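K.L.:
Quick one: this structure, given as structure tokens, is what I'll be asking you about.
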Amino acid sequence: MTDEKCGAIEECPSLDDTPKRREAQKTYEIQVEIDDAPDVVREQTRYGCESCAESLRIRNDASRDMSFARDSYFSFAHGPFMDVQFFYRLLGYEIAILSDFQIKKYGAGSSIFFDKLCRNNLLPSRFSTAFSWRKLWAFTGPGFLMSIAYLDPGNIESDLQAGAISYFKLIWVLLIAHIMGLLLQRLAARLGVVSGKHMAEIAYSYYPKIPRLILWLLVESAIVGSDMQEVIGTAISFYLLSNGAIPLWAGVLITICDTFTFLFLEKYGVRKFEAFFCFLITCMAVTFGYEFGVSKPDAGKMFTGMFVPWCTGCDNNMVMQGVAIIGAVIMPHNFYLHSALVKSRKVDRRRAEKVTEANKYFFIESAFALFVSFIINTLVISVFAQGMFGKTNNDIRDVCYNNTHNGMPDFYKVEFPANNDAAQSDIYHAGIFLGCTFGIFALYVWAVGILAAGQSSTMTGTYAGQFAMEGFIQIQLPQWKRILITRSLAILPTLAVVIFSGGIDNISSLNDFLNCLQLIQLPFALIPVLTFVSDKRIMHEYKLASVSKAVSIVISLIILFINFYFLYSWIGGQFGYNAISIPITVVFAVFYIIFIAYLTYYCLVAMEFIPPIKTKWLAEPIYYDFDAPWLETTKNSISSSEESQDYRY
């Protein structure tokens, strides 16, 4: 084509006057679409007119279509493929990844070449790495379900106690706990995306039978403990909303309806299911935000406590409360849950860029979800830091009796005993405090927020139990049976505790024990997730890099140290260290440490810190249960080319 003909379409700069270009101009022509209107206009253009062709590509998005690319390529099939890089630029590809060896291997110029490139993902991709709100929306959902574990009644109670005991001084601990939680949840989500399996399924192939069953029982006990907190919180909310008309045991039985709600919502698809949970999170934000508005905390002190990592004048109770915040926020079963939730999105694992994209958007979504969780938790801390810090039971009792316009029933006013001990701070007494101070409407709003927290977290706990049972022991049961079993495991012990606890005042103290149970189980989620994401035979190129590995190990060690410190202090405070408690604690600690060491061995092997030891009890994982479709694509393409005809150019 002459420069004049190029100019008829769009001004074309002078061409490189090289022998290669001149030869190409004389010999080859391709059809280029320059308009996507109904009356398609075609123009013959010489191969060498690079700038002209590039301008046509920019003007016409239709030239990006793969079918056109195929037609354009076949015009080269009868001769040598002179300039691969230019052909890619003509089609709108930004980068070229094929080496000369690959071009020769596939036989450039053959009719099979383009088909193999497309089918086996070797053609340079037009895949965009730019951020897309539409794609983020498609991946939104699993992170918000995961974040509900950060908003369950156990966390809410830990928040209000932190405010009542430590004022605004521990908000920075809450922030750090959420950041550490995000980094660890990212590993769980990445594991689910890359491997196509959730943690319980991977554990089934990774550990021998007996250790795997022990791990399953420990995970189930963590789920039951978390679920008990959530069921109790829901029952307390019903008690407050009904002004005591619905007793605790009845509230616990009502939560069985969660099972039917769960089945009903899943019937209408995962997106509606996720939307319902987002609605519950919104309810928590609105209700706790209302309490924040009426209590009017000191914003300056709140932000100081959020960003200044120090605790001036903190005693042992405050330190223990900070430890409890971390223990309440980072929950073991949540790693298993998150790795399963991401599987609700059908990621094309045959394409590495799609896997990378999914990891990116799941991380962004999780970060935003945990940011919302942090804000809600901060609202709760601030409300009770402003209202209950430094107050005694007598102080709040006086408020209940002196505020004659609060509309509170008389039986609520005697819930705070007439003594000068620090004011009781739990979900139940917090609601009474709000009602006495700001009116009974504030109590009802608080109860609605606790109800939303309890309902959402009980259903995600059921979900986690379902995944654990399916993965660890590969039981295939109808869905309603699986849900009923996992729900019963939590409701039956909770019902027994409620009946024999001696009243609502005593049941709230159960929260400390359940938080302790969560802390005991945490290593049995942290160590496996670090093991799986570090194993290159599961994650391949997506395994933890050196920096990420170091950061994850440090975070895990900090959390485990905090857990052990809390356990030591809690056992000493509850039972003391005497002739009876010491032997029991030692026996328990020996078995506990042995099993942690067993899991740590697999973790160190996966991180390639130590070589594997081949014994019956340290058997190698069943690696053929794992796949990497994006790698198989390349292998299949090479083997297919070897079997095909050897085209020469």
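Where a number appears in this text, it was derived from the coordinates with a stated rule and is not lab data. Quick caveat: nothing in here was measured; it's all calculated off a predicted structure. Neighbour counts are summed over all protein chains in view; Cβ atoms, including those assigned to glycine, are modelled from backbone coordinates with ideal geometry.
K.L.:
So, in nm, how far is label A275 from label N578 when the simple model puts each one 7 Å beyond its Cα toward the Cβ?
P.N.:
5.9
K.L.:
Out of the chymotrypsin sites (Phe, Trp or Tyr not before Pro) in segment 574-615, which ones are loop residues according to DSSP with at most 16 other C-beta atoms within 10 Å? Don't jump to the answer; show the numbers that get you there.
P.N.:
On the way: sites: F575, Y577, F588, F591, Y592, F595, Y598, Y601, Y602, F609; in loops: F575, Y577, F609.
When the chymotrypsin sites (Phe, Trp or Tyr not before Pro) of segment 574-615 are filtered for loop state and at most 16 Cβ neighbours within 10 Å, F575, Y577, F609 remain.
K.L.:
Using packing as a proxy for protection, rank 434-440, 152-158 so that the peptide with the highest average count of other Cβ atoms within 10 Å comes first. Don't skip to the answer; put the middle values down first.
P.N.:
Working: 434-440: 21.6, 152-158: 26.9.
The packing order, highest mean first, is 152-158, 434-440.
K.L.:
With labels modelled as points extended 7 Å from the Cα through the Cβ direction, what inter-label distance (nm, one decimal) is found for Y624 paired with A418?
P.N.:
Going by the 7 Å Cα→Cβ label model, 7.8 nm.
K.L.:
Next question. Which loop-located chymotrypsin sites (Phe, Trp or Tyr not before Pro) does segment 260-342 contain, where loop means any DSSP state but H, G, I, E or B and the Cβ has at most 10 other Cβ atoms within 10 Å? Present the calculation step by step, with values, prior to reporting the outcome.
P.N.:
Numbers: sites: F260, F262, F264, Y268, F273, F276, F277, F279, F288, Y290, F292, F303, F307, W310, F335, Y336; in loops: Y268, W310.
Those satisfying the criteria are W310.
K.L.:
Please report the spacing between the Cα centers of segment 129-201 and segment 523-537 in Å, no decimals.
P.N.:
18
K.L.:
Going by average Cβ density within 10 Å per residue, which order do the peptides 213-224, 379-390, 557-568, 161-172 take, highest to lowest?
P.N.:
Values: 213-224: 20.6, 379-390: 23.8, 557-568: 16.3, 161-172: 25.6.
Going by the mean number of other Cβ atoms within 10 Å, highest first, we get 161-172, 379-390, 213-224, 557-568.
K.L.:
Too long at a 30 Å Cα-Cα cut-off: which of K197/K360; K481/K543; K272/K354; K135/K169; K197/K616?
P.N.:
Where the Cα-Cα span goes over 30 Å, the pairs concerned are K481/K543; K135/K169.
K.L.:
What does the extension gain come out to for F368 and V586, with contour length at 0.36 nm per residue minus their alpha carbon separation? Mind dumping the intermediate values first?
P.N.:
On the way: separation 218, 0.36 × 218 = 78.48 nm, distance 4.26 nm.
Full-extension gain reported as 74.2 nm.
K.L.:
Next up: Could you calculate the contour length gain from S132 to H540, that is, 0.36 nm times the residue separation minus the distance between their Cα atoms, to one decimal place in nm?
P.N.:
On the way: separation 408, 0.36 × 408 = 146.88 nm, distance 2.68 nm.
That works out to 144.2 nm of additional length.
K.L.:
Using a 10 Å cut-off on Cβ atoms, rank the peptides 417-424, 187-194, 612-619, 368-375 from the highest mean neighbour count down. Could the numbers behind the result be given before it?
P.N.:
Values: 417-424: 13.8, 187-194: 25.9, 612-619: 10.8, 368-375: 19.5.
In descending order of packing, they fall as 187-194, 368-375, 417-424, 612-619.
K.L.:
Long-range amide H contacts for T392: which residues qualify at under 5 Å (H placed 1.01 Å from N, peptide plane, sequence gap of 5 or more or a different chain)?
P.N.:
A423
K.L.:
Another question, then. Expressed in nm to one decimal, what extension gain is obtained for the pair I210 and F441 from 0.36 nm per residue of sequence separation less their Cα-Cα distance?
P.N.:
Length gained, I210 through F441: 77.8 nm.
K.L.:
For segment 400-479 and segment 595-626, what is the separation of their C-alpha centers, rounded to whole Å?
P.N.:
For segment 400-479 versus segment 595-626, the Cα centre distance is 43 Å.
K.L.:
Give me the percent relative contact order of segment 133-519, please, defined on Cα pairs under 8 angstrom at least 6 residues apart.
P.N.:
Details: 587 pairs, mean separation 152.0, N = 387.
Result for segment 133-519 is 39 percent.
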